[in-house]
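The values are calculated or read from the model by the stated rules, or taken from the named source; none is laboratory data. The model shown is predicted, which means the values in this text are computed figures rather than measured ones. No Cβ is skipped: glycine too gets one built from the backbone with ideal geometry, and neighbour counts run over all protein chains shown. Surface areas here come from the heavy atoms of the whole protein model, side chains and all, with no ligands, DNA or RNA. Shrake-Rupley method; radii C 1.70, N 1.55, O 1.52, S 1.80 Å.
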Amino acid sequence: KGLRCLLDVPRPSDRNAHHSLGSLCSQSSQPLGEKIPPLQISSAEQPLRHFPAWNTQINRSFHTSPSLQAAPVPLFWIIVKPAQKLFAIILGRSIRKWWKALPPNKRELFKESARKNKWKILLGVSSLGVVFVMFYFTHLEETPITGRARLLVFGKEHFRELSQMEYDMWMEQFKSQMLPETDARYQVVERVVGHLSESNKDIPQVAALKWVIHVVDEPGVNAFVLPNGQVFVFTGLLDAVSDIHQLSFILGHEIAHAVLEHAAEKASLVHFLDFLSLIFLTMIWAICPRDSLAVVGQWIQSKLQEFIFDRPYSRTLEAEADKVGLQFAAKACVDVRASSVFWQQMELAETIQGQPKLPEWLSTHPSHENRAEHLDRLIPEALKIREKCNCPSLSGPDPRLIFRLNMQHLLESSKGRQAPNSTKQDPSKPKLDFPHT
């Protein structure tokens, strides 16, 4: 116990030492279960159900980060952004009207002049493109821990005021639903977050933030961490997790978002793409012969940007937070195998409730199924991290195996129950019981 060990985490680039997930494990080898009592949510006497997600109203699109926190922008750009689009629309529309008002002979003269000076025009457009490329590459930096190259226009100092504003907004919204510090559910979340931060304090970004806990009595399955370290957890999430290990992974994922500065990164990309889109927006309103066609063209442009750039990038950030959050949990001696089981439970609960399954490309988050598969691929590496941090060996069967056996048992039970009453039972709402293990 209390041993410190050298941690060598594989990463994309070994050029800088600060990319690694900390150089030392400042984690005691004592397992998480010995530091934190079993997760008991409803009361001190009532134990946690094995799969409570079945008895919880699950939101159709479960996001562990709220939409406002996913892409915040500095206050100045919140005001300027609509004005930029309005200016582009007015400019493009003015160009169209000017062109229509020109006599035919002047149009021909203008076209002839453009043909004569085509190389000058091409040089000007190319120069503008070079400026954008130079701006992009001069604002690239490497993500902490993972070493991934990213565009970062806004630093975290730009987000202090916005984070405080967002914090005040959430506190005002949930002021009557905040659990007191004496509540057992609050204490569980506080101990999990404290355990994760203490186990990863060798990472400068983790040690630099002060983690403040807020538990909201809200049935939604949700949790998020603001860039300034304010942690919000809904009791619906506490009902959805099966054990302390799943909760530790989810909170590790949210802490990873704050540590990796995903809010500033997403805001930087959105701002850069929006600035580029102003050029295309001006062209759309200048070329389209009618305003109605220009509105349709503008809508198509916004959707193309959303589905080609914005949403895939959000899914990339979510996958990165899953990876780093799993490493945080591994350093805290969590049973990392439980991470993929949580997403399998979420997938199963939504299926049983008959909720429609949307294609992943329509979402800002990976699908539950793909998320579980991605974590399964990362678990062997996380188990090596646990071993290097002198964590005790995992006892008992693999929770993934237990889940598969439970599913097999449920399918068999479902077939046995549906056979006699197949004509009376609604197939979209099967009545199944989980075996207790």
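Rolling a 1.4 Å probe across the protein heavy atoms gives region 322-409 an accessible surface of 42 Å² per residue.
Distance between the C-alpha centers of region 347-404 and region 185-201? Whole Å please. The distance from the Cα centre of region 347-404 to that of region 185-201 comes to 21 Å.
Heavy atoms of the protein chains alone define the surface here; on that basis region 124-211 has 56 Å² accessible area per residue at 1.4 Å probe size.
Taking a probe of 1.4 Å, how large is the accessible area per residue of region 234-279, in Å²? The partial results should precede the final answer.
Numbers: 750 Å² over 46 residues.
That works out to 16 Å² per residue.
Expressed as a rounded percentage, what relative contact order does region 157-302 have, with Cα pairs under 8 Å and six or more residues apart? Mind showing how you got there, number by number?
Details: 138 pairs, mean separation 26.5, N = 146.
This gives 18 percent for region 157-302.
Summarising the label geometry, the points placed 7 Å from Cα in the beta-carbon direction at ALA184 and LEU401 lie 3.1 nm from one another.
Extending 7 Å from the Cα toward the beta-carbon at both TYR136 and SER393 defines two label points whose distance is 5.2 nm.
Which entries in the list LYS81/LYS303; LYS323/LYS357; LYS201/LYS388; LYS201/LYS331; LYS210/LYS331; LYS97/LYS303 go over 22 Å, if you measure between the two C-alpha atoms of each? Write down the numbers at each step before the final one.
Working: LYS81/LYS303 17 Å; LYS323/LYS357 24 Å; LYS201/LYS388 17 Å; LYS201/LYS331 10 Å; LYS210/LYS331 19 Å; LYS97/LYS303 27 Å.
Listed pairs above 22 Å: LYS323/LYS357; LYS97/LYS303.
With both labels modelled 7 Å from their Cα along Cα-to-Cβ, the LYS106 to PHE309 distance reads 3.6 nm.
If you add up the charges near TYR313, with Lys and Arg at +1 and Asp and Glu at -1, over every other residue whose beta carbon is less than 13 angstrom from its beta carbon, what do you get? If you can, show how the numbers build up before the last one.
Values: positive: ARG148, ARG150, LYS266, ARG311, ARG315; negative: GLU265, GLU306, ASP310, GLU318, GLU320.
Summing Lys and Arg as +1 and Asp and Glu as -1 gives 0.
Subtracting the Cα-Cα distance of ARG290 and LEU273 from their residue separation scaled by 0.36 nm leaves 3.5 nm.
Gyration tensor analysis over the Cα atoms of region 131-283 returns equivalent ellipsoid semi-axes of 33, 19, 13 Å (largest first, whole Å).
Enumerate by residue number the trypsin sites (Lys or Arg not before Pro) in region 282-385 meeting two conditions: DSSP loop (anything except H, G, I, E, B), and at most 15 other Cβ atoms within 10 Å of the site's Cβ.
Values: sites: ARG290, LYS303, ARG315, LYS323, LYS331, ARG337, LYS357, ARG371, ARG377, LYS384; in loops: ARG290, ARG337, LYS357.
Answer in residue order: ARG290, LYS357.
With bins 5 Å wide beginning at 0, the percent of Cα pairs of region 197-343 falling in each bin runs 2, 9, 14, 16, 15, 12, 8, 7, 7, 5, 3, 1, 0. So what's the net charge close to SER302: Lys and Arg +1, Asp and Glu -1, counting the other residues with Cβ under 14 Å from its Cβ? Counting the neighbours of SER302, the net charge comes to +1. Just the number, please: carbon plus sulfur as a percent of the accessible area of region 343-425, 1.4 Å probe, no ligands or DNA/RNA counted. C and S fraction of accessible area: 56 percent. One decimal place: the segment GLN408-LYS201 gains 70.4 nm when fully extended, by the rule 0.36 nm per residue minus the C-alpha distance. Sites listed here are trypsin sites (Lys or Arg not before Pro) in region 156-192 whose DSSP assignment is loop and whose Cβ has at most 10 other Cβ atoms within 10 Å: LYS175.
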